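These notes concern the structure reproduced below.
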Amino acid sequence: MAARFLWASRVASHLRISGAQRGFSSVVLKDLKYAESHEWVKINGNKATFGITDHAQDHLGDVVYVELPDLGLSVSQDETFGAVESVKATSDINSPISGTVVEVNEVLTESPGLVNTSPHEEGWIIKVELSDACEAQKLMDSDKYSKFCQEDYAKH
């Protein structure tokens, strides 16, 4: 049993960016931008996909419900557009960048746990058509976000 745990720990360490000296470990993908409220955004031309970060889902615990916005809703940077409810708490989801909702991840209605198991892939929340791509400059890159999370972890 101990050997299996050790093997799993080694595999996990290769999959995660880790600040083991501080006890922080979270998946932070290089091609995403991050908001201080722990949402990620992937920009592709004039469209963007949003979700909550691995760090956020880890702190929330098992997600049991995701409140999705309506198609056509106009979202503004740093403003709330939905919520994630877990066994521990309910947390607002803020828009990392402004735009109009063009797609919502309806799969989350039946399988909200995808936010936990695949926060950057299958657990995405909405897709928007951007209204101001320059707002992305206010977001953190992966290195800054990792440092931000490590500092946050050290405070608690």
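The values are calculated or read from the model by the stated rules, or taken from the named source; none is laboratory data. Model, not experiment: these values are computed from the prediction. Please note: Cβ atoms are built from the backbone with ideal geometry, for glycine as well, and neighbour counts cover all protein chains shown.
Yes/no per residue for (1) surrounded by fewer than 19 Cβ atoms within 10 Å (Cβ to Cβ); (2) touching an Asp or Glu at 6+ places or on another chain (Cβ under 6 Å):
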site	(1), (2)
Thr53	no, no
Ser95	no, yes
Ile126	no, no
Tyr145	no, no
Glu151	yes, no
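How about segment 128-143: which of its residues are crowded, with 16+ Cβ neighbours inside 10 Å and hydroxyl-bearing (Ser, Thr, Tyr)?
The one that is crowded, with 16+ Cβ neighbours inside 10 Å and hydroxyl-bearing (Ser, Thr, Tyr): Ser142.
Condition first: more than 15 Å from Leu32 (Cα to Cα) and polar (S, T, N, Q). Can you find one or more residues in segment 134-146 that meet it?
Taking every residue of segment 134-146 in turn, none turns out to be more than 15 Å from Leu32 (Cα to Cα) and polar (S, T, N, Q).
Return the residues of segment 9-68 that are assigned to a strand (DSSP E or B), at pLDDT below 95 and in contact with a strand residue (DSSP E or B) (Cβ under 6 Å, 6 or more places away or on another chain); say none if nothing qualifies.
Ser18, Ser25
For segment 30-51, which positions are more than 18 Å from Thr117 (Cβ to Cβ), surrounded by 15 or more Cβ atoms within 10 Å (Cβ to Cβ) and of a type in the set (Gly, Ala, Ser)?
Across segment 30-51, the qualifying residues are Ala35, Ser37, Ala48.
Among the residues of segment 70-91, count how many are within 18 Å of His59 (Cα to Cα), among the aliphatic types (A, V, I, L, M) and crowded, with 16+ Cβ neighbours inside 10 Å. Talk me through it step by step, then tell me what you get.
Filtering segment 70-91 down to residues within 18 Å of His59 (Cα to Cα) leaves 82-91.
Keeping just the survivors that are among the aliphatic types (A, V, I, L, M) gives 83-84, 87, 89.
Then drop every residue that is not crowded, with 16+ Cβ neighbours inside 10 Å, which leaves 84.
So the count comes out to 1.
Exactly one condition in (1) within 14 Å of the chain's Cα centre (by Cα); (2) at pLDDT 95 or above is false for Ser98; which is it?
The one condition Ser98 does not meet is (1).
Please report, ordered by residue number, the helices (runs of 4 or more DSSP H) entirely within segment 71-156 with at least 3 residues that are in contact (Cβ under 8 Å) with a residue 60 or more places away in the chain and in contact with a helix residue (DSSP H, G or I) (Cβ under 6 Å, 6 or more places away or on another chain).
142-155
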